[in-house]
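Here, each number is a calculation from the coordinates, and none is a lab measurement. Quick caveat, the model's predicted, so the values are computed rather than measured. Because the Cβ atoms are built from the backbone with ideal geometry, glycine has one as well, and the counts that use them run over all protein chains shown.
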Number of protein chains: 2
Amino acid sequence: MDDEPATEILRATYRALCTHGYANLTLQDIAAESELSKASIHYHYESKDELFAAFLEYLYERHTDHFESIDGDSAPERLRSLLSLLLTEEGDAPVTEFGTAMLEVKAQAPYDDAIRARLEEFDELLFGHLRDILADGVESGAFDDRVEPVRDAELLTATITGAHTREVAIDHGPDRLYEALTEYERVHLLDEDAPEVTH
Amino acid sequence: MDDEPATEILRATYRALCTHGYANLTLQDIAAESELSKASIHYHYESKDELFAAFLEYLYERHTDHFESIDGDSAPERLRSLLSLLLTEEGDAPVTEFGTAMLEVKAQAPYDDAIRARLEEFDELLFGHLRDILADGVESGAFDDRVEPVRDAELLTATITGAHTREVAIDHGPDRLYEALTEYERVHLLDEDAPEVTH
C-alpha cells in the first residue's frame, strides 16, 4: 500500500458502501474491503459515526477538487463539463451502488445533524458553482440576459439532485436528462446573438 | 369509524410512517395509530410487505385523483396548479415527515422489485401529466414553440423529484424552487406574443 492507512480506510469505506449500503454497514465490512484489521480501523476511528464523518469530509474534498478541475474556455463549456461530470458515465459520475448508499444517507439526515450539515455543504458547493458559471456567462454575453444566475442555479441544483434520486429509485439513468439539459442550455440559456460555442 | 377497516389501516399506515419512518415500521406501530388491534390488521394483511404494497396502491390512487382534479382554463394555469400542488404548503404537499419516509422507500427500491415498480408508476404519472400540459400549451399557442413537451417534462420531473429530496436531506423547503419555476415558466415557456394569462 502506497497510501496512508487513513486514506486506505476511507477508500475501503467507499467500496463497502457500494456492497452493503449505509444502514447495515459495519467496521467489519470495511476491514474486509481493505488490507487492515478491524482493530487497526478502530485505532484510527472509534466508531462507525466517526469514520463516516471522516468519509464525508474526504468525499467533499474530492468533489471540490473535481469541480475545480472543470475546464472550458467559456461559461457554456464549463456548464457542459459540470453537467457531464455529474450526469454521464464519462464524467466519472458515481456508480449506482454508491448513489444508492448516498440516498440512504440523505434519508437518514433528518435524524443526524452531522450528516445533514455535511450534505448542506455538498448542496451549497454545487449551487455555488452553477451560480458562478451562470453569472460569468451572463457577464461575458455568452448567456442570454434573461438568465438569472441565482434562480437558474436553484433550478439546476434541484434537477441534478432529482436525476440522482431517480437513478436509484426507478433505475432511470441520467443520460436522457443530460441530453435534455444540453438542449435546455442551447434553447434557453445561450444568447442567440453570441458567436457559436465550439463543442 | 365511518370507513372500511382496510382504509382505516392504510390511513394509520400514513400516520405511522410519519412517526416512525419506513425502515423501523412494525404492524404494532400501525395498530397503535388506529382503533384496530394488531390481530385485525393481520386479518387484512399478512405481512408488512403486503400491507405496504396496498398502501402504495392507495397512495397512487390518491395522487391520480389529485392530478385529475387540477383545474385551470389554460395550460399555463394547469401547470401552475400542478407545481403548487407538489411544491407548496397550500397545495397539500406531503408533510416533511412523510417525505422522509418516502425517501427511505426510494433508497430501498433497488432491493425490492414491487416497490420499484410502484415508484416507476408514480414517476410516469407525474411525467405524463407534465408532458400533456406542455403539449396542450404548445398546441394552443400559450407556450412558446421552442418548448419541447417530452424534453421539458423530463427536466421538470427531475426538478420536482430533486426538490422533494432536498427538503428531506437538507431541510431546503421547495418554496424557493416554486418561485424559481414560476419565473422559469414566465420567461422560458410562455409565448411572449400570447395574451397575458390571468393569475
**Fill in**
Eigenvalues of the alpha-carbon gyration tensor of segment B:1-114, times 5 and square-rooted, give semi-axes in Å, largest first, of 29, 16, 13
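Give me the tail of P(r) for segment B:105-169 as a percent: Cα-Cα pairs with distance above 13 Å.
Value for segment B:105-169: 67 percent of Cα pairs lie more than 13 Å apart.
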**Message:** What do you get for trypsin sites (Lys or Arg not before Pro) in segment A:127-178 restricted to DSSP loop and a cutoff of at most 16 other Cβ within 10 Å of the site's Cβ?
**Reply:** A:ARG146
**Complete:** Computed about the Cα centre, the charge dipole of segment B:82-165 from +1 Lys/Arg and -1 Asp/Glu charges at the Cβ has a magnitude in debye, to the nearest 20, of 220 debye
**Item:** Net charge contributed by nearby residues that have their C-beta within less than 15 Å of A:LEU51 (K/R +1, D/E -1)
**Value:** -4
**Request:** Take peptide A:103-113, look around each residue's Cβ out to 10 angstrom, count Cβ atoms belonging to other protein chains, and average those counts.
**Result:** 6
**Request:** Please report, in Å, the Rg and the Dmax of segment A:1-55, where both are computed over Cα atoms only.
**Result:** 9.8, 30
**Message:** On alpha carbon coordinates alone, what is the Rg over Rh value for chain A, Rh being the Kirkwood radius?
**Reply:** 1.04
**Item:** Those GluC sites (Glu not before Pro) in segment B:71-174 that DSSP places in a loop and that have at most 12 other beta carbons within 10 Å
**Value:** B:GLU89, B:GLU90
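What dipole magnitude, in Debye to the nearest 20, does chain B give about its Cα centre under +1 on Lys/Arg Cβ and -1 on Asp/Glu Cβ?
That gives a dipole near 800 debye.
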**Cleavage-rule hits (GluC sites (Glu not before Pro)) in segment B:1-66: DSSP loop, at most 16 neighbouring Cβ within 10 angstrom** = B:GLU35, B:GLU46
**Prompt:** Measuring from label point to label point, each 7 Å out along Cα→Cβ, what is the A:ALA39 to A:ASN24 span in nm?
**Reply:** 2.8 nm
**Request:** Would you kindly work out, in nm and rounded to one decimal, the distances from the label point of B:GLU121 to those of the same position in each other copy, ordered shortest first, with label points 7 Å along Cα-to-Cβ?
**Result:** 4.2
**Complete:** Partner shielding of B:174-186, as the mean number of partner chain Cβ atoms within 10 Å, equals 3
**Request:** Provide the gained length on full extension for the span A:LEU125 to A:THR88, in nm with one decimal, where the gain is 0.36 nm per separating residue minus the Cα-Cα distance.
**Result:** 11.4 nm
**Item:** Other copies of B:GLU183: label-to-label distances in nm, shortest first, labels 7 Å along the beta-carbon direction
**Value:** 2.5
**Asked** Sorting A:SER47, B:SER74 on the 10 Å Cβ count, fewest up front, what's the list?
**Response** A:SER47, B:SER74
**Request:** Please provide three numbers in whole Å: the alpha-carbon extents of the protein assembly as shown along the principal axes, with the largest listed first.
**Result:** 68, 62, 29
